[in-house]
1. So, with a 1.4 angstrom probe, what is the percent of accessible area on region B:17-127 that is carbon and sulfur?
2. Based on the mean of other Cβ atoms within 10 Å per residue, sort peptides C:18-26, B:505-513 so the most packed one is first.
3. Hey, what do the phi angles of region B:581-597 turn into as Karplus ³J(HN,Hα) couplings, whole Hz, using 6.51/-1.76/1.60 and θ = phi - 60°, x for Gly and Pro?
4. Taking amide hydrogens as modeled 1.01 Å from N in the peptide plane, which residues meet the under 5 Å criterion relative to B:GLY504, leaving out close sequence neighbours?
5. Return the average number of partner chain Cβ atoms within 10 angstrom of each residue Cβ along peptide A:34-46.
6. Return the calculated 222 nm mean residue ellipticity for chain B, to the nearest 500 deg cm²/dmol, obtained by summing -39500 (n - 2.57) across DSSP H runs with n ≥ 4 and dividing by the residue count.
7. For chain B, calculate the relative contact order in percent as a whole number, restricting contacts to Cα pairs under 8 Å that are 6 or more residues apart.
8. In whole percent, what relative contact order does region B:197-335 give with Cα contacts below 8 Å and a gap of six or more residues?
Amino acid sequence: CNFQPVYGPGGSGEIIRNQIRVADPASRLEFELVARLEDRLGTGSNYMLDYVIDRTTRNLAIDEDAVINRINLVGTLTFTVREAGTGRTVQTGEVSTFTSYATTESPVATESARRDAEDRLAIALADQVVTRLIAGAASWS
Amino acid sequence: AQTTAPATLIADNIRFNGSTSVTARGAVEVFFEGSRLRAESITYDGSTDNLRVQGPLTLVDESGNAVFVADFAELSADLQNGVLQSARLVLDRQLQIAATEIVHTDGRYTQLYQAVASSCEVCFDHPTPLWEIRARRIIHDAEEQQLYFENAQFRVLGVPVFFLPRMRMPDPTLERATGFLAPSVSADDLTGTQLLVPYFIELGDHADITVTPWIGVGTQTVELRYRQAIRNGELEAEGAVSWDDLTNNATRAYLFADASFELPRAFTLDLQLQAVSDRGYLTTYGFNDPDTLESYARVSRVRRDEYVEASGTLYESLRDGVDNDTLPTRVAHAEITRRITPDLIGGTLTATLEGTGFYRYSTIDGDDGRDVFRVTGALDWRRSQTFGGLMATFEGALHGGVYNTQQDATFGSTVYRLTPYSAVELRYPMQATTATGVSHLIEPIAQLVWSNTFGDAPPNEDSFIVEFDEANLFSLDRLPGSDRRETGTRANIGLSYSRIAPGGWTVGVGAGVVLRREDEGQFTEGSGLNGLQSDFLMATHLSFSDQLSVANRSLFDSALNFTSSELSLAWSGDRHEVISTYTFLEADLGELRADPLAELAFDGEYALNSGWDAGLNFRYDFMDNEATRAGVTLGYRNECLDMEFSVSRRYTTSSTLEPATSFGLTVSLAGFGAGREGRSVSRSCRG
Amino acid sequence: QVDIGFGGVAFDDRQPVEVTADGLTLDQTTGEAIFTGNVIVVQGDLRMAAGAVRIVYGTQGNQDVSEVIATGGVLVTRGADAAEGGSARYDVASALLTLSGNVLVTQGPTAISGDSMVVNMRAGNGSVDGRVRTVLGGTD
């Protein structure tokens with residue numbers, strides 16, 4: 001199969017770059033997600049991207065003293081892209097991943113590691129969404 | 001006289017004889033204000049205004065929740081009063097009450113004599129239901145949605161189990177009412193064998209309390225939960241008090257409360273309180289047990305281009321052998337982040353300003369007593385531009401901070417620091433789509449980053465352990481907090497490949513490495529980021545429609561020995577569900593981990609046939625070659641019963657904890673009280 | 001207390017029958033009289049209005065009416081009761097009145113509709129057939 005540059009002429013980059021408005025965030029995680037999506041897609045208003053993030057935490061590496069040494073933030077994001085004028089749905093999808101952080105004795109270090117893991121989860125989910133949009137954009141029109 | 005609406009009667013044939021009586025035959029239906037009677041034949045006597053109904057007849061009340069089935073009945077024309085012979089009452093298509101005679105009055109009260117109530121399906125091949133309640137009389141009050149039993153006898157498989165002179169149960173449509181909830185049994189070699197009987201108390205429409213006494217041998221415990229919904233927020237508090245002789249303090253208790261309120265101008269106030277009397281209490285009694293208690297008040301607002309937060313937090317570590325006085329347990333924090341699109345230079349400018357104070361109770365000079373107050377700010381500007389197929393991103397950032405340190409002579413009382421960054425990132429993604437709609441995407445990425453710090457190092461409170469994954473492979477600074485900055489000149493190189501088949505297999509593989517011009521020794525072995533060349537990062541995501549999803553992230557060096565590898569698997573079908581994780585971290589004293597850590601966690605459930613389901617969960621530590629937790633559950637549910645038996649063993653020990661095995665049994669009958677949370681199964685007689 | 005049944009009291013069918021109509025034609029051979037145009041037949045307190053009425057006399061030549069056939073929309077009323085239908089046939093000997101063609105019978109507040117109705121005028125009872133629909137009760 002013949003590979004074409006995404007941002008080259010006729011590539012799907014033209015269809016998605018500076019065309020999409022991402023839905024407003026309602027949490028810190030979504031704030032970071034919108035920031036990352038706008039960094040990578042630019043901003044526009046021809047398409048509306050709506051998303052729902054379902055997140056859970058998993059306690060791992062529980063040692064014999066019942067101390068939780070590692071925590072996974074698991075995120076599953078389902079998204080819908082709609083054409084602004086007609087409201088027609090042009091693409092839906094679901095992406096999911098996890099980021100982890102280590103707990104330490106200091107609650108401050110643990111909280112800052114948790115927030116860093118939350119930021120990374122937003123970036124990882126956003127990057128997967130961008131990949132899906134690049135793959136699906138050709139069939140939007 | 002009170003005007004009563006006319007009742008409508010439809011039939012194949014109506015005979016009227018004399019002036020007062022009419023006989024309707026053939027698929028007769030009578031409608032009256034929503035209630036509906038269907039029968040073979042009905043004789044209406046005008047003089048007494050009532051109906052004599054020949055069965056088999058069904059009478060459905062206006063709400064549709066109560067259906068009477070009988071062979072013969074005498075009813076008033078408005079169907080609100082009457083006597084039915086050898087009849088059955090079916091409530092909310094779930095609970096069936098058979099009776100020799102049913103007297104229905106005022107469309108509200110129904111008295112059922114010599115009644116048998118059960119929500120189990122009764123078929124020819126097994127006529128005795130799994131459970132039934134026989135009673136001399138059952139009164140159903142449709143308005144209060146309650147069922148009152150007189151001389152009730154509870155039978156399981158036809159065998160009488162217990163007898164109650166008086167009993168009240170909610171009818172299947174009742175959402176919320178004061179009363180007992182489904183009891184459960186738990187046995188544990190620490191807390192003894194206990195019967196948990198939750199009692200729900202409704203406090204108006206917006207608040208309730210659930211009191212759950214543990215009745216049994218060994219320890220005495222009462223659990224409490226209070227919930228309240230307010231116009232612009234909600235509050236929930238749960239707690240428990242126990243008396244036992246496992247530790248030297250006789251009374252042990254915990255309280256977890258949290259509330260959130262909407263404030264004007266789109267702000268939200270979140271409050272949380274977590275307190276416990278002693279460290280081992282939560283784990284011993286099986287309550288959810290965080291490592292650290294966190295009580296805070298936080299005001300925050302999230303908007304498209306702005307995040308604002310101000311919070312005060314009090315921590316208490318429950319870890320064994322940790323002295324809370326030497327930990328920064330009191331933290332005050334405020335931050336504002338704004339994203340702006342500058343007119344002249346374009347791109348996006350992210351400006352952040354934050355102030356934080358850490359306070360330790362202890363006043364010992366040095367690590368144990370240090371208090372720090374800091375104000376830091378950051379400006380991060382980035383702009384992307386495409387050149388043909390190449391996407392180039394230029395980024396510049398400036399991070400500055402002023403730190404004031406008390407009770408730690410090794411750090412100057414006030415320290416200033418400034419860290420500029422600059423970076424260029426190049427991406428050249430290429431895409432191909434096959435005829436069958438499968439699309440492939442290859443993306444090489446290269447980024448060159450320079451940063452340097454000017455000023456003295458402040459105490460490191462928030463940047464102990466660094467993670468390395470595909471999300472921060474191309475970030476300007478991988479340190480989690482702001483007390484330490486990543487410096488030096490480094491090249492981040494990555495290549496990602498994705499294969500996306502909508503509905504079929506979707507694969508994503510990302511690889512990366514960090515090359516540094518000089519090793520500033522900022523990272524520990526365990527992070528994979530140390531040395532001139534970092535470990536190789538490999539992140540793999542694999543999914544097949546929504547049944548299987550596997551994600552792995554590994555760090556390994558060129559000799560293929562692993563620094564860390566984390567795998568997560570979620571696999572579900574219509575009869576099974578499995579969630580499993582494997583975590584391996586090599587030993588790293590920098591991360592206070594003397595020996596490697598390797599753990600497999602597994603949680604699976606399989607639906608056997610005819611309503612049974614079995615579950616297995618365990619957590620296995622490869623280093624100590626033993627399980628830290630293991631458990632088995634066995635559940636049975638059908639249209640009238642929901643039962644779950646579980647046994648689990650916890651092997652963790654500490655000065656306040658010993659290994660413990662606990663059993664659990666919950667049984668809940670369907671048909672009493674609404675809300676079966678989807679565990680209901682409808683079953684019909686086969687053959 | 002609701003009365004069902006037509007008129008409640010037995011109907012005296014020996015009273016004279018009075019017929020008014022726009023036009024009348026006599027047919028000697030069949031011995032039938034055909035009234036056309038706003039025909040009204042009255043006997044005692046029973047009154048029948050119809051588009052056209054055909055009176056069939058007995059064959060024994062004694063001028064007795066054996067059958068009254070009304071067509072073109074019939075309305076029969078007696079006291080508080082009324083019945084209407086597409087067409088009606090009243091057999092004097094058996095005192096059976098048969099109405100057919102979406103029949104509607106009303107007695108005070110009670111109404112019965114059906115495809116056909118047979119009423120024994122002398123006994124005051126009868127039956128309605130064919131997906132009958134009635135409204136019971138509804139006293140004031």
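1. Details: 2300 of 4590 Å².
Summing carbon and sulfur atoms, their accessible area is 50 percent of the total for region B:17-127.
2. Details: C:18-26: 12.4, B:505-513: 19.0.
Taking the mean over residues of other Cβ atoms within 10 Å, the ranking is B:505-513, C:18-26.
3. Karplus values, whole Hz, x for Gly and Pro: 10, 10, 10, 10, 10, 6, 5, 7, 4, x, 9, 6, 10, 5, 10, x, 10.
4. HN-HN under 5 Å from B:GLY504: B:SER545.
5. Values: counts 4, 7, 1, 0, 5, 9, 4, 1, 2, 3, 0, 0, 0.
What the average comes to for A:34-46 is 3.
6. Details: 1 runs with 4 residues, N = 687.
When only DSSP H runs of four or more count, the value is 0 deg cm²/dmol.
7. On the way: 1813 pairs, mean separation 42.9, N = 687.
The normalised contact order for chain B reaches 6 percent.
8. Details: 286 pairs, mean separation 17.7, N = 139.
It comes to 13 percent, rounded to a whole number.
The values are calculated or read from the model by the stated rules, or taken from the named source; none is laboratory data. Everything numeric here is computed off the predicted structure, so don't read it as measured data. Using ideal geometry, Cβ is built from the backbone for each residue, glycine included, and neighbour counts are taken over all protein chains shown. Keep in mind that these areas ignore ligands, DNA and RNA; they rest on the heavy atoms of the full protein, side chains included. Shrake-Rupley method; radii C 1.70, N 1.55, O 1.52, S 1.80 Å.
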